[in-house]
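*Asks:* I'd like to ask some things about the structure below.
Here, each number is a calculation from the coordinates, and none is a lab measurement. None of the values given here were measured: they were computed from a predicted structure. Ideal geometry is used to build each Cβ from the backbone, glycine not excepted, and the neighbour counts take in all protein chains shown.
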Amino acid sequence: MKKIAIYRNSHTASIQLASKVKEKLVQAGFICQEGLLNPDYVLSIGGDGTLLGAFHAYEDHMDRVQFLGLHTGHLGFYTDWLPDELDCMIDSLVQNRMKETSYPLLEVKLYFQDQTIERRLALNEVALRSFGKTMVCDVSIKDVFFETFRGDGLCVATPTGSTGLNKSLGGAVLHPCVEAIQMTEMASVNNRLFRTLASPIILPKQEWLDLYPQEADIPLSLSIDHLFRDHCQIERLRLQMAQERVHFVYAKHLHYWDRVEASFIGHRQVDKSPLQGDKSWN
Ligand code: NAP
């Protein structure tokens, strides 16, 4: 029997939908509950933020778990299914009609001042910032010094994360087929004394970035997607595309640029019918 873990946000619509989904999935022969260990599928109910929570709850299971997103808010980037498509979604699972797609992830290696090392994955981005004092941070690319950054912070995003914080920082929107990571600056200081490139940069999958915060007494905050840590004593942050990818199943998929248009411009009606919308991002 296939196991489906439900991960939802705390909105009333999501709570109600989760109990309905659970009942229907159990009737259809699945083992289904919240917080299930080693599931085959993780069904996120909410928005993109909820999907980020689901991703990190199963971050160590990337090789064996597939995600589905049922959205109870507005159209999401990771959430494909609407509540009124529930029966269609369950039918597709029962009849094994789901297709698979996968997206690149960011590998984050944190080297702390106390010599401990931690490895994490990011679905959207990693952001290192200083609130208050200016962050000073050396940036190297493939072990070669590139620049000394001074400013509010730096953000490194995945292709699917490029429509999140990265976009608000003036980064480019990358198609998820592009295997690359993108670094954007937050309010860099650029004058006669201090100089950075002051443009987003996009690195291919075989390259990596190292960030070396320079002034140990400046308190830094680190966010990995929606997760946030204050007062990080970081010596170095290594960022590169991960070996792992995140896997999704879908029966129909909006064309990526239709989704971008619908989310950020919204001039035209998007046809989300199974025939018209059946286009993988791959
Ligand atoms: P939040 O502040 O509650 O939500 C931020 C918004 O970003 C929500 O509307 C969320 O969509 C949307 N979002 C998340 N991932 C996205 C993606 N890949 N493409 C487009 N929009 C996306 O924070 P949260 O729910 O904990 O999510 C954390 C994420 O928010 C971060 O990874 C970052 O990308 C994004 N964020 C953006 C800014 C900014 O643009 N200035 C600032 C902070 C964080 P839903 O409503 O569907 O959940």
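*Asks:* Straight-line reach only, C-alpha to C-alpha below 23 angstrom: list the lysines that Lys2 could link to, leaving out same-chain residues fewer than 8 apart.
*Replies:* Lys20, Lys22, Lys24, Lys99, Lys252
*Asks:* Okay, moving on. Over the chain, what is the mean sequence separation of C-alpha contacts under 8 Å (at least six apart), divided by residue count, expressed as relative contact order in percent? Intermediate results must be reported in sequence, preceding the final value.
*Replies:* Details: 637 pairs, mean separation 52.1, N = 282.
With pairs under 8 Å counted, the relative contact order is 18 percent.
*Asks:* Treating cross-link reach as a plain straight distance, find the aspartates and glutamates whose alpha-carbon is under 18 Å from the alpha-carbon of Lys109, omitting any fewer than eight places away in the same chain.
*Replies:* Counting by Cα, and skipping residues close in sequence, Lys109 has these aspartates and glutamates nearby: Glu59, Asp60, Glu118, Glu125, Asp138, Asp143, Glu207, Asp210, Asp225, Asp230, Glu235, Glu244.
*Asks:* Taking H as built 1.01 Å from N, whose amide H comes closer than 5 Å to the amide H of Phe67, not counting residues under 5 places away?
*Replies:* For Phe67, the qualifying residues are Val42, His247, Phe248, Val249.
*Asks:* For segment 158-167, take each phi angle, set θ = phi - 60°, evaluate the Karplus expression 6.51 cos²θ - 1.76 cosθ + 1.60, and give the result in whole Hz per residue in order, putting x for glycine and proline.
*Replies:* 7, x, 6, x, 5, 8, x, 3, 3, 5
*Asks:* Return the ratio Rg/(2.2 N^0.38 Å) for the chain, where Rg is computed over Cα atoms only.
*Replies:* Compactness ratio reported: 1.07.
*Asks:* Net charge near Ala127: determine it from the other residues with C-beta under 15 Å of the C-beta of Ala127, scoring Lys and Arg +1 and Asp and Glu -1.
*Replies:* Values: positive: Arg120, Arg129, Lys167, Arg229; negative: Glu125, Asp152, Glu185, Asp225, Asp230.
Summing Lys/Arg as +1 and Asp/Glu as -1 gives -1.
*Asks:* Ok, one more. In debye to the nearest 20, how big a dipole does the chain give about its Cα centre with +1 on each Lys and Arg Cβ and -1 on each Asp and Glu Cβ?
*Replies:* Values: 29 positive and 35 negative charges, 61 e Å.
About 300 debye.
*Asks:* Please report the net charge: other residues with Cβ closer than 11 Å to the Cβ of Arg8, K and R +1, D and E -1.
*Replies:* On the way: positive: Lys22; negative: Glu34.
Within the 11 Å Cβ shell, the charges total 0.
*Asks:* Sort out for me the Cα centre separation of segment 1-53 from segment 59-112, rounded to whole Å.
*Replies:* So the two Cα centres are separated by 11 Å.
*Asks:* Can you return the lysines within cross-link range of Lys167? Criterion is Cα-Cα under 21 Å, with same-chain partners fewer than 8 residues away left out.
*Replies:* Lys205
*Asks:* For segment 31-190, with only Lys/Arg (+1) and Asp/Glu (-1) charged at the beta-carbon, what is the dipole magnitude about the Cα centre, in debye rounded to 20?
*Replies:* 480 debye
*Asks:* If you average the sequence gap of Cα pairs under 8 Å that are 6 or more apart and divide by the length of segment 115-252, what percent do you get for the contact order?
*Replies:* Numbers: 289 pairs, mean separation 37.6, N = 138.
Reported as a whole number, the value is 27 percent.
*Asks:* Could you list Ser162, Ser223, Ser199, Ser102 so that the one with the fewest beta carbons within 10 Å of its beta carbon is first and the one with the most is last? Walk me through the numbers on the way to the answer.
*Replies:* Values: Ser162 27, Ser223 19, Ser199 10, Ser102 16.
Ordered by Cβ neighbours within 10 Å, fewest first: Ser199, Ser102, Ser223, Ser162.
*Asks:* What is the sum of charges around Gly164, taking Lys and Arg as +1, Asp and Glu as -1, for the other residues whose C-beta is under 11 Å from the C-beta of Gly164?
*Replies:* Numbers: positive: Lys167; negative: Asp48, Glu125, Asp225.
Here the charged neighbours net out to -2.
*Asks:* For segment 1-142, take every pair of Cα atoms, bin their distances at 5 Å starting from 0, and report each bin as a whole percent.
*Replies:* Calculated P(r), rounded to whole percents: 2, 9, 17, 20, 17, 11, 8, 7, 5, 4, 2, 0.
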